Amino acid sequence: MQLSTKHLLGIRDLTPGDIHLILDTATQFKEVLQRPIKKVPTLRDVTIVNLFYESSTRTRISFELAEKRLSADTINFTASGSSVSKGETLLDTVNNILSMKVDMVVMRHSASGAPHFLAKHIPAAIVNAGDGINEHPTQALLDAFSMRENKGGKLEGLKVAIIGDIMHSRVALSNIYLLKKMGAEVMVAGPPTLIPPHIQKAFDIRVEYNVRNALKWCDVANVLRIQLERQNQVLFSSLREYNLAYGINKQMLDELDKEILIMHPGPINRGVELDSDVADSKQSIILQQVENGVATRMAVLYLLAGGREES
Ligand code: CP
């Protein structure tokens, strides 16, 4: 089985069949990662560059680990300390790296559409590791994998509330695309200033401005960080007031008549969108999401490399 696409630029381009294939392949790789020897020779002789023009902890480390577990050769490029500071363009940088016989590019960039631009100009397969406020496809895939793992193996019919700064979040957009394609029910919740005005109609999803109502409705709350670095105007009065009105604390969860799953892509701003007694509670699967990122990214790299036979 193969993906219908050469690159992973966004969930928007994937079919439900592609998503099933990635999640099922990730399940097999998760099993590999439980073994004493966690490495397989699947991508031996494949060279991958991790091209990070924007900060990252989880995504960068988990791509690198996924590549190493698959026996690929890896190169790590970060814009700071590179010749980008001397004025080299994105395309020149990438073409110079590719001339050293690199097969795949994993790329994070603060500009929405940067990986789509590259895909038009270079022959290598590209994986979008987050582009501006557009998409973060592997985050949505690992989120879906984690939901499936904790909620009886399927996404269809699951009620997922995405809570927080929807306006500036690539995680929100990729999750909405994926969950809708897989038959889940989706709600976005948060302050009106952080929710795009036409999102309800554009994606056929629910919108809720009261976080307690969102928590009452959902099976899974995927809580997002306030992306202050992407906001160029004042959209709420202060982080303290955001926490009072929209932050999630343990008391709010204890008042519900069911136990919901708490997710967060990281990094968490403790005491803003989530209090520590929620982030660290047994309802939280935040570190499990990070663990699942490795198997999910192994699946994406393996399938984009053409699904070579494992030996
Ligand atoms: N979730 C996520 O993308 O985290 P990083 O920015 O640390 O990679």
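FYI, it's all coordinate maths here, none of it is from the lab. Just so it is clear, the structure is predicted and the values come from calculations on it, not from any experiment. Backbone-built Cβ (ideal geometry, glycine too); neighbour counts: all protein chains shown.
Which percent, to the nearest 5, of DSSP beta bridges fully inside region 1-143 are antiparallel? Approximately 5 percent, going by the DSSP bridge assignments.
Computed over the chain with a Gaussian network model linking Cα atoms closer than 10 Å, the most mobile of 182, 252, 298 is 252. Projecting the Cα positions of 200, 289, 221 onto the charge dipole of region 138-290 (unit charges on Cβ atoms of Lys, Arg, Asp and Glu, taken about the Cα centre) puts 200 furthest along the positive direction. Rounded, prolate or oblate for region 71-226? Axes are the square roots of the Cα gyration tensor eigenvalues, ordered a ≥ b ≥ c, and the cut-off for rounded is a/c under 1.5. Taking the square roots of the gyration eigenvalues as a ≥ b ≥ c, region 71-226 is prolate. Considering only 223, 32, 211, the Gaussian network model of the chain with Cα springs below 10 Å gives its largest mean-square fluctuation to 32.
Using Cα pairs under 8 angstrom and six or more residues apart, how large is the relative contact order of the chain, in percent?
Worked out over the chain, it gives 22 percent.
Listed by chain and number, the aspartates and glutamates whose C-alpha is less than 17 Å from the C-alpha of residue 120, apart from same-chain residues fewer than 8 away, are 13, 92, 103, 131. Between the beta carbons of residue 240 and residue 78, assuming R0 = 45 Å, the FRET efficiency works out to 0.85 to the nearest 0.05.
Across all Cα atoms of region 13-124, the radius of gyration (one decimal) and Dmax (whole number) stand at 15.6, 46 Å.
Listed by chain and number, the lysines whose C-alpha is less than 30 Å from the C-alpha of residue 30, apart from same-chain residues fewer than 8 away, are 6, 38, 39, 68, 101, 151, 154, 159, 180, 181, 258, 282. Rounded to 0.05, the FRET efficiency of the residue 252 and residue 193 pair, given R0 = 25 Å and the Cβ-Cβ distance, is 0.70. Restricting attention to the chain, close to 5% of DSSP beta bridges with both partner residues there are antiparallel. Just so you know, the Rg over Rh for region 138-290 is 0.92, from Cα atoms, with Rh as the Kirkwood radius. Remark on residue 206: its backbone amide H falls under 5 Å from those of 186, 187, 188, a criterion applied only to residues 5 or more positions apart or on other chains, H modelled at 1.01 Å from N. Size descriptors for the chain, from the alpha-carbon set: Rg then Dmax equal 19.3, 59 Å. Gaussian network model of the chain, Cα springs within a sub-10 Å range: biggest mean-square fluctuation belongs to which of 251, 28, 227? Between 251, 28, 227, it is 251 that shows the largest mean-square fluctuation.
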